Amino acid sequence: MQEYVYDAFISYSHRDMQWAKRLQHRLETFPIPKDMTDAASGRRKLRVFRDQTDLTGSELEIALRKELDASKFLIVICSPDSAASPWVNEEVEYFRSSGKGDRIIPFIVAGEPESDNPELECYSPALLSGDSHMLGANIREIGWNKAFLKLMAILLDVRFNRLVDREKQRRRQRIMISTAAALLIITVTGALVWRNVIMSRRNQELSYDIYGAALVSISQKDEIEPDDIAFLKTSADAGNSYAMWFLADCYERGWGTEKDPEAAFSWYLKAAEAGDATSMIGVANCYSNGTGTEADPVKSLEWNLKAAEAGDASGMLNAGIDYELGTGTEENPEEAFRWYTKSAEAGNELGMYHLARCYRDGIGTETDLKQAFTWMKSLAETGNTIGMYNLGLMYQYGYGTETSPEDAYHWYRKAAEAGDADGMYMVGWCTENEFGTEDPALEWYKEAAELGNAKADEAVSRLTE
């Protein structure tokens, strides 16, 4: 099998340069899930070549043939401008002549493919002369984020829905919070046990007893079969705590079997009593939500504390939330601060956020904006969009640091490029008001509006009307 230097070559009209730059950045920074990486390379990031010249004819052959030959896929930024571009057309023709016509991916940013109106046509002649059923993505139909994921699904050769589900799970862990009350409520949801995070950790920790390798294999499946459920029961009955947790999760979610809250609670409890910290959180959540048992906030706190004392960072976070809200106990800001600190120091992202918030608002400790800034910066540097967005706010208003429009814009933009709607809105605001940048604003407002940001929707209306 041929080895390629680049995973993709981006072809575009230089009037679409901003789209090309943005796509290249997103492709190169997108964290590929471990179970979707190529087994031979094991790489977690794509390698992308973006043509930065305006060449045709012999110049194209001399300067770009090597890069086109070294690229596995050709991504064409499609717009009326690229349809009229001679160099885009030549790059498509050359790539197809190399026997890789089935690896040409249109990425439509404007216009319409195969349009009756020449002014709207976004396919170059070379694209129109090829396979009319080429797989591609159209941001005008499904928005930037879904179009990007569709493109990634083609590049990684995985099902689009599978990638969307993984991205949704990732986004659940960085829920944006706009008010203190909403922060606490949404963070509780964000602190729940998410399947893939736990499975990844468990697969690394799992001792390969007679059940271990088979459990890892089942955990990596997209769909669980009845035979898998039967195996999980056998393994759980034999005392394997991972199988107990896995079986409980299947019953709770109806994954491979009918939903059975009572059975879910029973297996979470058995695994928790066997010392499994993740299942302790599962028991706590069942008592909190009344899943398979009567709601009991006191018992929920007890099991969160057991998980916390067993060293689980999510248990520490949940204990902190319980003490701050007074769930199952009297409100105790000092105890909340103590558990948030432990959770943050153990590397839990939401623990870092709440610790920064405690220092900012004086919850259980003295107000210390410098400490708040330090922890928010630590959170942002993990790639968490909550941290990126709030770090932008701190630079904008000088909370715990010097005011810096350029740094504020930098972190808003990182949040926006990671898919955060509020970050997109603030990038639009910064660019419209020339706050730390002079980039155009409207496209960022549009993307934020597509993700449901009401302020961005108003901004789009203001600028377009």
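Summary of computed values
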| item | result |
| --- | --- |
| When residues of the stretch 244-289 are limited to those that are within 16 Å of Thr234 (Cα to Cα) and in a loop (DSSP other than H, G, I, E, B), the one modelled with the highest pLDDT | Thr257 |
| Test: residue in the stretch 411-430 that is over 30 Å from Glu141 (Cβ atoms) and either part of a loop (DSSP other than H, G, I, E, B) or in contact with a helix residue (DSSP H, G or I) (Cβ under 9 Å, 6 or more places away or on another chain) (or both) | yes |
| Any hit, the stretch 302-312, residues being touching a residue at least 24 places away in the same chain (Cβ under 8 Å), among the charged types (D, E, K, R) and under 24 Å from Glu225 (Cα atoms) | no |
| Residue, surrounded by the fewest Cβ atoms within 10 Å (Cβ to Cβ), within the stretch 364-382, restricted to residues that are of a type in the set (Gly, Ala, Ser) and more than 22 Å from Gly428 (Cβ to Cβ) | Ser378 |
| Filtered residue count, the stretch 386-416, keeping only those that are at pLDDT below 90 and out of contact with any Phe, Trp or Tyr (no Cβ under 8 Å at 6 or more places or on another chain) | 2 |
| Among residues of the stretch 404-445, those that are of a type in the set (Phe, Trp, Tyr), closer than 21 Å to Arg462 by Cβ and crowded, with 21+ Cβ neighbours inside 10 Å, counted | 5 |
| Glu334 surrounded by fewer than 21 Cβ atoms within 10 Å (Cβ to Cβ), over 25 Å from Thr278 (Cβ atoms) and touching a residue at least 24 places away in the same chain (Cβ under 8 Å) | yes |
| Near pairs, Cβ below 7 angstrom, 6+ apart or cross-chain, from the stretch 389-406 (within 22 Å of Glu417 (Cβ to Cβ)) to any residue that is of a type in the set (D, E, K, R) | Tyr389/Asp420; Tyr389/Asp422; Leu391/Lys377; Tyr395/Asp407 |
| Candidate set: the stretch 236-277, residues that are among the hydroxyl-bearing types (Ser, Thr, Tyr) and crowded, with 23+ Cβ neighbours inside 10 Å; chosen: the one farthest from Lys306 (Cα to Cα) | Tyr251 |
| Positions within the stretch 272-284 being touching a residue at least 60 places away in the same chain (Cβ under 8 Å) and over 12 Å from Ala319 (Cα atoms), in sequence order | Thr278, Gly282 |
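For (1) surrounded by fewer than 16 Cβ atoms within 10 Å (Cβ to Cβ); (2) over 30 Å from His354 (Cα atoms); (3) at pLDDT below 85, each residue gets a yes or a no:
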| residue | (1), (2), (3) |
| --- | --- |
| Pro125 | yes, yes, no |
| Ser132 | yes, yes, yes |
| Lys146 | no, yes, yes |
| Ser178 | yes, no, yes |
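Okay, residues lined up against (1) of a type in the set (D, E, K, R); (2) assigned by TED's automatic domain parsing to the domain that holds Gly275; (3) crowded, with 24+ Cβ neighbours inside 10 Å; (4) on the phi > 0 side of the Ramachandran plot:
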site	(1), (2), (3), (4)
Thr293	no, yes, no, no
Lys299	yes, yes, no, no
Glu309	yes, yes, no, no
Gly315	no, yes, yes, no
Tyr340	no, no, yes, no
Ala346	no, no, no, no
Tyr353	no, no, yes, no
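The values are calculated or read from the model by the stated rules, or taken from the named source; none is laboratory data. Note that the structure is predicted; figures quoted are calculated from it, not measured. Cβ sites come from the backbone with ideal geometry, for glycine too, and all protein chains shown count toward neighbours.
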